Structures are given as C-alpha cells and as structure tokens.
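Written out below as structure tokens is the structure these notes cover.
The values are calculated or read from the model by the stated rules, or taken from the named source; none is laboratory data. In this text the structure is predicted, and so the values were computed from the model without any measurement. With ideal geometry, Cβ positions are generated from the backbone for all residues, glycine too; neighbour counts draw on all protein chains shown. Calculation scope for accessible area: heavy atoms of the full protein, side chains included, ligands and nucleic acids excluded. Shrake-Rupley method; radii C 1.70, N 1.55, O 1.52, S 1.80 Å.
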Amino acid sequence: MLLTVDHVRKTYPGGRPVLQDVSLALDHGQTLALTGESGSGKSTLLNLVGALDTFESGEITVDGQALSSLNDPGRAALRRDRVAMVFQQFNLIPSLTVAQNLSFHARLGERLDKGWLSDLTRRLGLADLLDRYPEYLSGGQQQRVAIGRAMAARPKLLLADEPTGNLDETASAAVLDLMLDLVRDTGAALLLVTHSLDIANRLDRRAHLASGRIT
Ligand SMILES: Nc1ncnc2c1ncn2[C@@H]1O[C@H](COP(=O)(O)OP(=O)(O)O)[C@@H](O)[C@H]1O
Ligand SMILES: [Mg+2]
C-alpha cells in the first residue's frame, strides 16, 4: 500500500475529536474520492496525510514512512519528495510568475526535470502564460498552474482538496480531466475531496466521512 490510515484520531485544541477513528488505504496508482458534509473533517484528514498537521493516536504511513515517527524536517522532506497538494483556493505564490510557481516545489526537492516541466506546461495549456503573475489568471488557469506545480516533482501521492470548488462547470471539467490524465500517466495515487458525486464516480473508489469515521 502507498497510503494507510489506521485508527487515526484528531482533536484540535479545546475541541471535540474531529476524526474519531479513521482508517483507509490506497494503493500505488489508485484514485479515491473522499466525500462528507461540510465540517466532517475532510480537510483535516488531508492535512494529516500531507504531514501538515499531527494526530494524537493511530498511525498514517505514506510510502512506508510512519508519519508519527517523523520530526519536522522529516515531514518537510515527505512533502517535498513524495506528496503534493492542490487546494480549492489554488494557493499560488503571488509574487512569482507562472513559470516560477510551476518549478517551485520541484526545485525545493532538487527534482526539477526540464523536459517533464515543459511537457507539463504544454499539456496544461500554460505555454503562453509563463511570464504572467497569478492575479492576472482566471481561476481555471490558476488551478492548472497549481496542478503543474504539484506534479512537477512527480509525487507518488497527490492530495486534492475540492480542487474544482471555485471553478465554473467548464473550467472544472477541464481541470479534472487534466488532473486524472496526469495522475494516470505518472502512476501517482490520488486522494481527492469533493462534494460532487459526478466527480467521485470518475475515481476508482469512494470513502465517505461522517461522525469522525469512514462509513
Ligand atoms: N485549525 C483548526 N482549529 C480548530 N478547529 C478546526 C481547525 N480546522 C478545522 N477545524 C474544525 O474541525 C472541523 C472539521 O473541519 P474540516 O476538516 O475543515 O472539515 P471539512 O473539510 O470536511 O469541511 C470543523 O468543525 C472545523 O471548524
Ligand atoms: Mg474542507
């Protein structure tokens, strides 16, 4: 398995547990849709898997690494080398051009492959936008940059948190198609949070989060 989540519990300070007892598994190259009502803990779970936050019990392993055993540099290395994330709000770096945003993560991990990057740029339809800054892009264009930035380092696992939640129907369809194509071509696994059953149905499997558990 590429990813295992085993009896994970997560409580934010001062609150009740958001995740009570969450378990799931994802194999290399598999795609899984995570659904659940607003506030059910989907983003919390994604952030745990992406090593952006910690949990109090249970275990998560990514590509053989147990996240509970990693220190801060270990978590940073995981995010750099194996896992990439795409968010609803795009989260591009506003002071960097499209070209600089695209290569940003791959450069951090010293995993920049110029041939792959130019291939990605072309496939994502970004070749004419490389010198622009994010504020001058449409939402769909921004998300295509974010997908390129995520895939540039050839992650084994792509985490996407409602990646089409801020896009109109046409841009959503294009972004989803591109993301699924890239994931399949690179053999990456995908864990994607979505409200849309249409989107969920295009992935290999679906898991539903409710009351802090996968149902
Ligand atoms: N950083 C945080 N600190 C405290 N509570 C949080 C934090 N992030 C999320 N929550 C709470 O945890 C619950 C789950 O949030 P979230 O994971 O964002 O749900 P979803 O993505 O399914 O909408 C919500 O009640 C939310 O208010
Ligand atoms: Mg969320």
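Using a probe of 1.4 Å on the protein chains alone, the accessible area found for Lys156 is around 90 Å².
Just add up the charged neighbours of His105: K/R +1, D/E -1, any other residue whose Cβ is under 13 Å from the Cβ of His105. Could you put the intermediate results ahead of the total?
Numbers: positive: Arg79, Arg80, Arg82, Arg107, Arg111, Arg149, Arg154; negative: Asp81, Glu110, Asp113.
Taking every Cβ under 13 Å from that of His105, the sum is +4.
Heavy-atom accessible surface of Phe104, to the nearest 10 Å², is about 70 Å², with a 1.4 Å probe and all protein chains retained. One Cα centroid belongs to the range 1-68, the other to the range 91-168; the line between them spans 25 Å. Amide hydrogen proximity for His208: with H placed 1.01 Å from N in the peptide plane, the residues at 5 or more positions away or on another chain lying under 5 Å are Thr35, Thr215.
Semi-axes, largest first, in whole Å: what does sqrt of 5 times each Cα gyration tensor eigenvalue give for the range 1-157? Let's see the in-between values first.
Values: eigenvalues 184, 61, 39 Å².
Its equivalent ellipsoid spans semi-axes of 30, 18, 14 Å.
The magnitude of the dipole of the range 3-214, with charges of +1 and -1 set on the Cβ of Lys/Arg and Asp/Glu and taken from the Cα centre, is near 280 debye. Return the single residue from Ala76, Ala84, Ala160 with maximal mean-square fluctuation; model: Gaussian network over the chain, springs between Cα atoms under 10 Å. Sorting by GNM fluctuation, first place goes to Ala76.
Projecting the Cα atoms of Gly64, Ala173, Gly148 onto the dipole axis of the chain, where Lys and Arg carry +1 and Asp and Glu carry -1 at the beta carbon, places Gly64 farthest toward the positive end. Per residue, the average separation of C-alpha pairs within less than 8 Å and at least 6 apart gives the range 3-214 a relative contact order of 32 percent. Of the beta bridges in the chain, as assigned by DSSP with both residues counted there, near 45 percent are antiparallel.
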